[in-house]
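**Q** Take a look at the following structure, please.
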Amino acid sequence: MNLWLLAANSIAFGGLLFLLSAGFALIFGLMRIPNLTHGSLFMLGAYFGVSLISWGVGFWLAALAGGVGVAVLGGLIERLLLRRLPGAELAQVLVTLGLSFMIADACLMQWGGDPISIETPAALRGASRVAGVAFPTYRLGVIVIAVAFAVVLWAMLERTRLGAMIRAGVDDPMMARAVGIRVPLLFTLVFCLGSGLAGFAGVIGGPILSVYPGLDQDMLPLALVVVILGGSGSLVGAFVGSFVVGVLYNFGQALLPELAYVVLFLPMLVVLVVRPAGLFGRSSP
Amino acid sequence: MSALEVSGLQKSFGGLRVTREVNLSVEPGERRLIIGPNGAGKTTLFSLITGELRPDAGSIRLFGREIVRVPSRRRAHLGLARTYQIITLFQRETLLHNVMLSLLGLSGLRWNPFRRFAQQAALIEAGRAALARVGLLDMADRPLSDTSYGERRRVEIAMGLAQNPKVLLLDEPFAGLSIEERRDVQGLLASIPHDVTIVMIEHDMDVALEFAERITVLHFGEVVVEGSRAEVVAHPKTREIYLGE
Amino acid sequence: MRRLAALGSLLLALGLLASLPAWIGNSYYVNIASQVLLYAVFALGLNVIVGYAGLVSLGHAGLFGIAAYSGAILITAGYGHFVAIAGALVVTLGVAALFAVLALRGTGLGFVMITVALGQIVWGVAYRWISLTNGDNGVSITSRPAPFGLSLVDANPFYWATLVVFLVAVAAIAIFVASPFGASLRGTRDQPRRMNALGYNVWLIRFLAFLFSGLWSGVAGLLFLYYNQFVSPQTVALTASAEVLLMVISGGTATLLGPIAGALLVVIMKNVASGYIERWNFVLGAIFVAIVIFMPEGLVPGSLRLWRWATRRRRQHPAGPAAMAPVPHGSINGGAQ
Ligand SMILES: Nc1ncnc2c1ncn2[C@@H]1O[C@H](COP(=O)(O)OP(=O)(O)OP(=O)(O)O)[C@@H](O)[C@H]1O
Ligand SMILES: [Mg+2]
């Protein structure tokens, strides 16, 4: 077994997970909405990508368009449904769960039950040598994209006015409202952003994971684990959590295929017992 | 031996030191009033005493026994009860059910999954007696959601009294009451026998001063003045805090 | 007088249920009735934790499935039905205890998310641990038990056996809910902080309620196993947890009849829907969204509310302004803490 390859795959998968769960963590942290459609949005983005590419759109443009399309859908979900249920967490769980079933079934109707793979963009096919070891170039590309997004998101959160407002909203929603931040608009924006990231990640993940019915159910728990590990609302937590989960998932599947799922969830259980707020979450009093 | 003795108690939320250093000693049977401006840390002090909040440092003794590490629910069994400034009752249930829950909390019956709760004669009788003490017996079977604010305040007190505590902490029992209701509650508090030690937080000086023998003034999480009614009222610090002099 | 009427309707309902195979005739429908009953047991069990403890679990299909898998695995390993049933329930209780310890680290949303994750672990094990669970192909068993020498192979006797279990479950849960412990449990749902200050061990109360809920989920899982004589990862999927949660909330939480009505509704809809449309999951999702938006307190109380509102409106204000009927306290929209 090629350990280097496994490591590279793990890290690339961690990168994908970060794109997926950063949005989940922000939405959960800011709006207290456990968005159970998040896996579906990832899958939907991937299917959008499939269709766009089959119509002759280039891979990267398809990824962007997939992200934007899903972002718009996310915005609609927030505006039309979740907006009606302010503070009703259970109702929000149920609505997002219901939507995830609807999206999954709609995808099955539209794209059928067989796995569809997305071709790796031509420029990133093959392998590259890094420090004398050969890695699949596309996975390196995914790692670069994820890190770039992490830096951009971090800068956005830490350095811009919008970011300051989001942070204020995560820390103390009441206070944010009181100092005049337009929280409803902020909510929609964050929901769009989080959804869009998930959709984008879906297309980017296509060449690695391919797209199939059930992809949503495979990805959602991973995002959940990342957020439980990293702590809600914490970008750093999502980043670290993603790579931990990426590594555990890939190594687990390679070394203990039957128990990969258990291996994946073990650290989550440990964190829950030792530090329920997550590694980087602020514990509530 | 003091009924309640608090020493060196500290608590902060994040960077906010809400309880800086509180020392307090209340004798058995005493009526103690705690006053202080909004945000002085009075409610927080109660929550620390009952164990709903965990102090950062300090000691709390109930009749000489150190309870700072005793979980909140065990403190109830040791004879400590409180009422809440923000009414914390069971909205969907009747008044009697509310008070019976208070009684059940101290009864071994609370673990019983077989008997019928609504037919526990001893609990019903004690619950009705507690409601009678606060003058609400005739509405015992009314759902709490059908009662007025003043009536709920009295249910709060009934919940505390029902547990037959040794030390009862009352957090602003007069808040939001009409003048008549105040008089009723005042009479009710005066009728509590002196084997119950009472510590009360209250803003309304007129009713409160009449009730208490000793007064503690809390300001920014610290005891600034303590003494008899006359002493406290005359103390320059009190005037400073309340009149901004 | 009212007592007598209640007793009368209870006896009538019992009579109707017991004689159902006689007047329903067709064994296809008798089987659907068995399904309704077994899911009603499951929904009643879930309702203990969702309705009475106020903790929403989306991982209960994991407990249901663990009972079914444990039973199936023990039977295929050659153990008798008695050992299989007892073993399965012990395993389910053990896992329920583990679930409870972990999920109770969070309340509200934390609890929901952890139960989702735990349910997915069970799914992952069912799907991937092929040497134990046979993976995607599932585990089949070839026999049903024969209590007191009565064979349960045919639809009618199986229905009656399920009915007996169902009645025991209803009675046990009714007694539980009305007991002092049940009152304590509802107290921890409504005012956990005050309950703690009143001397209750909130954590332990919730833990025990979770075990009780897990026990009935396990019993339902065994009924499911014997009904289908088959169990597969589909049984423990998130969809399955969502389906039973839909039964509970569609019927109305924290009531005894609600989950039963919900099970009836969902099972019938599922069977009918699968006859006409393939897209059960789409329908399930749409119902979820519709219920939450339009009837947050559940179909049974919600329909009653709309009905009362409509009739009163007609009587009092024939042309009054179109105001939404008030939603009473305790709905899922307001009930979450
Ligand atoms: N859980 C908490 N987290 C953060 N800050 C808190 C918390 N509880 C109380 N505080 C802060 O501690 C301070 C003291 O609060 P507390 O409720 O004890 O005051 P109080 O003296 O009872 O005031 P009031 O007269 O208004 O009831 C306030 O500034 C309050 O905002
Ligand atoms: Mg206060």
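**Q** How big is D for the protein assembly as shown, in µm² s⁻¹ as a whole number, if Stokes-Einstein is applied with the Kirkwood radius of its Cα pairs at 10 °C and 1.306 mPa s?
**A** 53
**Q** Oh, and also: Roughly to the nearest percent, how much of the accessible area of region A:3-274 is carbon and sulfur, given a 1.4 Å probe?
**A** Numbers: 7250 of 10290 Å².
Accessible surface attributable to carbon and sulfur in region A:3-274 totals 70 percent.
**Q** Next question, about the same structure. Roughly how large is the C-A contact in terms of buried accessible area, totalled over both chains, probe 1.4 Å, nearest 100 Å²?
**A** Adding both sides of the contact gives about 3900 Å².
**Q** Hey, any idea what % of region C:24-279's accessible area is carbon plus sulfur with a 1.4 Å probe? List each step's numbers first, then the result.
**A** Working: 5750 of 8500 Å².
Reported share for carbon and sulfur atoms: 68 percent.
**Q** Now for a separate question. Only sites in a loop by DSSP and with at most 16 other Cβ atoms within 10 Å count here; which trypsin sites (Lys or Arg not before Pro) in region A:159-204 make the cut?
**A** A:Arg182
**Q** Something else about it: Rg and Dmax in Å for chain A, alpha carbons only: what are they?
**A** My reading of the Cα-based Rg and Dmax gives 18.4, 58 Å.
**Q** In Å, what Kirkwood hydrodynamic radius results for region A:145-285 from the alpha-carbon pair distances?
**A** Values: mean 1/r = 0.0599 Å⁻¹.
Radius from the Kirkwood sum: 16.7 Å.
**Q** Quick one: pull the percent of accessible area on chain B belonging to carbon and sulfur, 1.4 Å probe, ligands and nucleic acids left out.
**A** Solvent-exposed carbon and sulfur of chain B make up 50 percent of the total.
**Q** For the interface of chains B and C, what total accessible area is buried with a 1.4 Å probe, rounded to the nearest 100 Å²?
**A** Looking at B and C, the buried total is near 2700 Å².
**Q** Can you compute 3J(HN,Hα) from phi for each residue in region C:199-211, using the Karplus curve 6.51 cos²θ - 1.76 cosθ + 1.60 with θ = phi - 60°, rounded to whole Hz and x for Gly and Pro?
**A** These are the phi-based 3J(HN,Hα) values: x, 8, 8, 4, 4, 5, 4, 5, 4, 5, 5, 5, 4 Hz.
**Q** Residues of region C:167-181 losing 10 Å² or more of accessible surface, assembly versus chain alone, probe 1.4 Å, please list them.
**A** Checking the loss per residue gives C:Ile175, C:Phe176, C:Ala178, C:Ser179, C:Pro180, C:Phe181.
**Q** Quick one: how many Å² of A:Asp218 are accessible to a 1.4 Å probe, rounded to 10?
**A** So the heavy atoms of A:Asp218 present about 30 Å² to solvent.
**Q** Another question about this same structure. Give me the accessible area of A:Arg84, 1.4 Å probe, in Å² rounded to the nearest 10.
**A** 150
**Q** In addition: If you scale each eigenvalue of the Cα gyration tensor by 5 and take the root, what three semi-axes come out for region C:83-127, rounded to whole angstrom and sorted largest first?
**A** Whole-Å semi-axes of the equivalent ellipsoid: 23, 14, 6.
**Q** Turning to a different aspect of this structure: Averaged over its residues, how many other protein chain Cβ atoms are within 10 Å of peptide A:260-266's Cβ atoms?
**A** Average per residue, whole number: 5.
**Q** In nm, to one decimal, how far is the C:Phe230 label point from the C:Val101 one, both placed 7 Å along Cα→Cβ?
**A** Label at C:Phe230, label at C:Val101, 3.7 nm between them.
**Q** For the protein assembly as shown, what is the accessible area per residue in Å², given a 1.4 Å probe and the full set of protein chains?
**A** Per-residue value: 42 Å².
**Q** Something else about it: For chain C, place one equal point scatterer on every Cα, skip the solvent, and apply the Debye formula. What is log10 of I(q)/I(0) at q = 0.09 Å⁻¹?
**A** For chain C, the Cα-only Debye profile gives -0.50.
**Q** Obtain the nm distance between the two label points defined at A:Val270 and C:Arg193 by a simple spin-label model: each point lies 7 Å from its Cα along the Cα-to-C-beta direction.
**A** Modelled inter-label distance: 3.5 nm.
**Q** Another question, if that's okay. Could you sort C:91-104, C:177-190 so that the peptide with the highest average Cβ count within 10 Å comes first and the rest follow in order?
**A** On the way: C:91-104: 20.3, C:177-190: 23.1.
The peptides rank, most packed first, as C:177-190, C:91-104.
**Q** For chain A, list the DSSP H helices whose alpha carbon atoms reach 27 Å or more along the long axis and whose average Kyte-Doolittle value is -0.5 or above?
**A** A:3-31, A:59-80, A:89-111, A:137-159, A:183-209, A:235-255
**Q** In region B:110-162, which trypsin sites (Lys or Arg not before Pro) fall in coil by DSSP and have 13 or fewer other Cβ atoms within 10 Å?
**A** B:Arg116
**Q** Could you work out the Rg to Rh ratio of region A:88-166, with Rh taken as the Kirkwood radius (inverse of the mean 1/r over all Cα pairs)?
**A** 1.16
**Q** Average partner chain C-beta neighbours within 10 Å, per residue of B:159-167?
**A** Mean inter-chain Cβ contacts per residue within 10 Å come to 1.
**Q** So for chain B, what are the equivalent ellipsoid semi-axes in whole Å, largest first, each being the square root of 5 times an eigenvalue of the Cα gyration tensor?
**A** 31, 21, 16
**Q** Something else now. If I take every Cα pair under 8 Å that is 6 or more residues apart in chain C, average their sequence separation and divide by the length, what percent do I get for the relative contact order?
**A** 28 percent.
**Q** Here's a follow-up. Quick one: which bits of region B:10-57 get at least 20 Å² less accessible when the partner protein chains are in, versus the chain alone, with a 1.4 Å probe?
**A** B:Glu52
**Q** Accessible area of B:His203, 1.4 Å probe, to the nearest 10 Å²?
**A** Estimated to the nearest 10 Å², B:His203 gives 70 Å².
The values are calculated or read from the model by the stated rules, or taken from the named source; none is laboratory data. Since the model is a prediction, treat every value here as computed from it, not as a measurement. Glycine gets a Cβ as well: all are built from the backbone with ideal geometry, and neighbour counts include every protein chain shown. Heavy atoms of the whole protein, side chains included, go into the accessibility calculation; ligands, DNA and RNA do not. Shrake-Rupley method; radii C 1.70, N 1.55, O 1.52, S 1.80 Å.
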